[in-house]
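Heads up: the structure comes next, in C-alpha cells.
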Amino acid sequence: MSVFNEYARYYDLLYRDKNYQAEAAYVHGLIQRIRPGAETVLNLGCGSGRHDRFLAERGYRVTGVDMSEEMLAGAQSSCKDNSATDYHLGDIRSFRCEKKFDAVVSLFHVMSYQISNQDLIDAFRTAHFHLQPNGTFIFDCWYGPGVLTDRPAVRVKNLEDDRIKITRIAQPEMKADQNVVDVHYQIFIQDKQTNGNDEISEIHRMRYLFKPELQELLSQAGFTIISSEEWLTAEPLDFKSWNAVFICSKDGSQCP
C-alpha cells in the first residue's frame, strides 16, 4: 500500500501551496468541540509531519505514524527540535503502541488509500484501540457523491524552487465497479544547476466513500459518527462536496 516512494522526495514542494496551518486550526476546532481540553493526538498517516507541527504549536503532544520511511525522515528532520512530536514507522492497519490519546486524526485522504472494506475496518480499529474512552476520531476522505458529480480530470502542476523544476501530470482512471480512481502520476524533474533530468511514475489508487458504508464499517470497529461536513468549509455534505470530514465517538458515547 506504500505508494510514496520516489514521490516522497518532492512531496513538500508539490504541496507547498497547501495551507497546513489553516487545516490544523480547523482540526483543532473540531477536536476541542468534541473533546474540550484534549492534549494528545495520534496522527495516522502523518506523512511529512506538516499538520503535526502546527498542532504542536497549539499545545498538543502529537504522535505520528506512517509506513513511508522517506516521509518519516522528513517529519523527523523538521521536528527534531520539537519535544511535542514523536514518530513511528508502521502500517496504520496494524500499528499498536502502549499510549492512549484524546484524539486520533487521519488527514489528507489517508482513509481513501484504504481500498478494501477490511483495510478500512483495520485502520478504524487502530484508531479505536488508541483512543481514551471519551476520545474522538476525525478523518477526511474523498466523498462519493462529489467525485461522481464532478469527475476527476487530467491536471498539470508546475513548480520550482532554487534547485529544481517539477512538472506533475495526474491522469485519473475511474474503476466504476470498485469505487476507486487510479491516479497515474508522471513527474518530470529538472535540476537547475546541472540541467539533469529525472522522471517518476507512480499510481495512487484512491477509494471514494459514502456515508452509509462508512457508518457500517465504523460500527464494526466500535465507532459512531457524531457529525460530518465538508472539509474546511463546515458546510453540509452535498453533491458538490469532494472532500468530507467525519467526526466519530468511541463505543457510541456522545459528545458533551
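Note on I200 and T233: the model spin-label points, each 7 Å out from Cα along the C-beta direction, lie 3.1 nm apart. Two numbers describe the Cα atoms of the stretch 118-191: Rg and Dmax, which are 18.1, 51 Å. What does the charge add up to near L131, with Lys and Arg as +1, Asp and Glu as -1, over the other residues with Cβ less than 12 Å from its Cβ? Cβ neighbours under 12 Å give a net charge of +3. Projecting the Cα positions of I34, I187, T233 onto the charge dipole of the chain (unit charges on Cβ atoms of Lys, Arg, Asp and Glu, taken about the Cα centre) puts I34 furthest along the positive direction. Histogrammed with a bin width of 10 Å, the alpha carbon distances of the stretch 42-115 distribute as 20, 58, 21, 1 percent, first bin at zero. Can you flag which of K18/K192; K18/K99; K100/K250; K99/K211; K18/K211 are past 19 Å Cα-Cα? Table pairs above 19 Å Cα-Cα are K18/K192; K18/K99; K99/K211; K18/K211.
None of the figures in this text is laboratory data; all of them are computed from the coordinates on show. From a predicted model like this one, the values you see are computed outputs, not experimental measurements. Methodologically, a virtual Cβ is constructed for each residue, glycine included, from the backbone with ideal geometry; neighbour enumeration extends over all protein chains shown.
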